[in-house]
1. Mind checking which residues of the stretch 407-421 are farther than 14 Å from Lys483 by Cα and surrounded by fewer than 19 Cβ atoms within 10 Å (Cβ to Cβ)?
2. Counting only residues that are at negative phi and within 15 Å of the chain's Cα centre (by Cα), give me the strands (runs of 3 or more DSSP E) lying completely in the stretch 244-334 with at least 2 of them.
3. In this structure, does Asn340 turn out to be within 22 Å of Phe428 (Cα to Cα) and modelled with pLDDT under 95?
4. Of all the residues that make up the stretch 351-375, how many are open to solvent by 30 Å² or more (accessible area, probe 1.4 Å), in contact (Cβ under 8 Å) with a residue 60 or more places away in the chain and more than 23 Å from Leu470 (Cα to Cα)?
5. If you take the residues in the stretch 342-354 that are touching a Ser or Thr at 6+ places or on another chain (Cβ under 9 Å) and part of a loop (DSSP other than H, G, I, E, B), which one is nearest to ligand 1 (Cβ to nearest atom)?
6. Can you name the number of the only condition in (1) assigned to a helix (DSSP H, G or I); (2) closer than 23 Å to Gln169 by Cβ; (3) at pLDDT 95 or above that Lys31 fails?
7. Can you report the number of residues in the stretch 196-210 which are in a loop (DSSP other than H, G, I, E, B), touching a residue at least 60 places away in the same chain (Cβ under 8 Å) and either within 15 Å of Leu183 (Cβ to Cβ) or more than 10 Å from ligand 2 (Cβ to nearest atom) (or both)?
8. Consider Ser273 carefully, then state whether it is under 25 Å from Ala46 (Cβ atoms) and of a type in the set (S, T, N, Q).
Amino acid sequence: ACGFRFRVFSDGKRCSTSKVVRKPEVLPESKRQGTCQRKTFVQEQADRLEQANNSILIKCPQKVNQHQLLKSLERHGNIAHYHFFEPFKTMLLLQFERRDGVLSVQQSCNMPRPGKRFLLPNRSRFLLMSKHNDEFPDKRSAENERPHNLLQMLKDHSNVDGQLEGLVQHMQLTEEDIRLRFLVCSLLQDLCTAILPSVQIQPFGSSVNLFGRVGCDLDMFLDLGNLNIERKRTRVQRDSSLEFQVKMFRCERVATQTILSVVGNLLQHISPSFDSIQKVLNARCPVLRFCHSPSNLNCDLTASNRIALCMSETLNAFAQVDARVRPLVFAIRCWARAQNLTSTVSGAWITNFSLTLLVLFFLQQCSPSVIPTISHLRKLADRIDHRVIDSVNCTIVSDLSKITPSNNKQSLEDLLHGFFDFYGSFPFQKKSINIRTGQVQRRSDDSPMEIINPFEENLNVSKNVNKRQLLHFVELSQNASLKLEKQHQLSSNQSWGLMTLLQHGPTQQARATDGAASIHPTPKVERFTDLFHSLWSTKQGNPEAK
Ligand code: CTP
Ligand code: MG
């Protein structure tokens, strides 16, 4: 579009293009058949972090001359990738081929004139562009825009399977969204390494597990490295009698709370890009909550959360083993959001993570099963995949081509219907679900709903869900099943398929009149068009439920 040619890396291949326009990833049939060779999750994470390390983010004036800007940046080093963010088009994310490019740009930057104020020097990789660059009319390319009309998209499809696949295309994180998320981790890491040199900030959760939708929160954890391993290495080198003087804490929790608190202060007082900082240090999993304002991402930072990263890897693997997994998970998450079953704040209601485990468990129960169990993924693991974190075995196979594709040929519509039937009559009082074994088992706690954490089996992922919310989930599942059954009797101008599921049904309205809505913090979504905004909004809540 700007008539400027750069070398661009695309999935490891080098190609030439005037602008990088990445289409959202579509899982091809070959992946469903398990024939596609891809990077492992760990390699992908490492490559993306490396990419982010060589990247900068620039806030440009609204009608920036892109050509001129890119040309001036190319003087600092070869550009590997760039993207002007839509719909605002005022942010440029640019990756240099080498880190030198970043350093050179930073050296050429000025500190702002403080005038009568005082400034704290901060040399981050988020840069502001002053206005003297010639302004050009905004050349927005339609090709690059995210389709905003969800309703129209659903109407355009002639069957439920098409609607579900369309929903993924519509809602999923694009390549650029993912790059931006890794860049935010990398910017945060720059700040943290000033005080903790070996620290790494890694994303986990929906940003990397292939179930993330636009606007979902960015979960990160602060990885201090494996200190025990470092200790063993120094022991081998017996010639050294020197050791570092370090602060000692009475337990890991106190150390974690202290680190998060210090990082919170850094963000609050030193970095202008992070705001709305909230320290939630007394939660079961202490967390620092904040917003990265240039990207408008709501972020959660925890520490020592490697097990959660393994969980993300596992969900990512399930998303890849069968192409039906993502459409189903997206549909159930959107349905739950539309029905006010999930919320932008945490509380006694079901979370997206629990819903995902419910979908996976259901797919394991189908006959033949659509996806394998975690135990099976563990059996296929090689020796290098072996991972035990804090005595918890998190091993799963990393080479996904070893997983035999399922013989199950059910359509997405069938499976969606099956999900609602299954949970509309599931004996939650007596049974819990476990995606490690793929089997229901006898309840081990007295909370209304038990979804066993696949890695830490003594933890119940859905412990926060109260009886009322569980009943509501069951009732709405029954309702959704009925709606799907009746859809064949509908006239052509009525909503059908996924459209009916994403609209509020009678149960929702009944609930609003009996006062239950007042205990639920999600604003009541009245019309279908509002749903789009509700699905798009970012998450803000407290992490007690994690
Ligand atoms: N997690 C976990 N056990 C829990 C809650 C969360 O292991 N009880 C891990 C999961 O790997 C989850 C991640 O923490 O994916 C992030 O949690 P959360 O943000 O609640 O879920 P997401 O999957 O990121 O979904 P969302 O899009 O709602 O943020
Ligand atoms: Mg999340």
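The values are calculated or read from the model by the stated rules, or taken from the named source; none is laboratory data. For clarity, every value in this text was computed on a predicted model and none was experimentally measured. Neighbour counts are summed over all protein chains in view; Cβ atoms, including those assigned to glycine, are modelled from backbone coordinates with ideal geometry. Note: accessible area is taken over every heavy atom of the protein model, side chains too, but ligands, DNA and RNA are not part of it. Shrake-Rupley method; radii C 1.70, N 1.55, O 1.52, S 1.80 Å.
1. Within the stretch 407-421, Asn407, Asn408, Lys409, Gln410, Ser411 meet the criteria.
2. Because the criterion is at least 2 residues that are at negative phi and within 15 Å of the chain's Cα centre (by Cα), the strands (runs of 3 or more DSSP E) in the stretch 244-334 that meet it are 297-303.
3. Here the answer is yes, as Asn340 does meet what is asked.
4. 3
5. Applying the filter and picking the extreme gives Thr351.
6. Of (1) assigned to a helix (DSSP H, G or I); (2) closer than 23 Å to Gln169 by Cβ; (3) at pLDDT 95 or above, only one is false for Lys31: (3).
7. Residues in the stretch 196-210 being in a loop (DSSP other than H, G, I, E, B), touching a residue at least 60 places away in the same chain (Cβ under 8 Å) and either within 15 Å of Leu183 (Cβ to Cβ) or more than 10 Å from ligand 2 (Cβ to nearest atom) (or both): 3 in total.
8. yes
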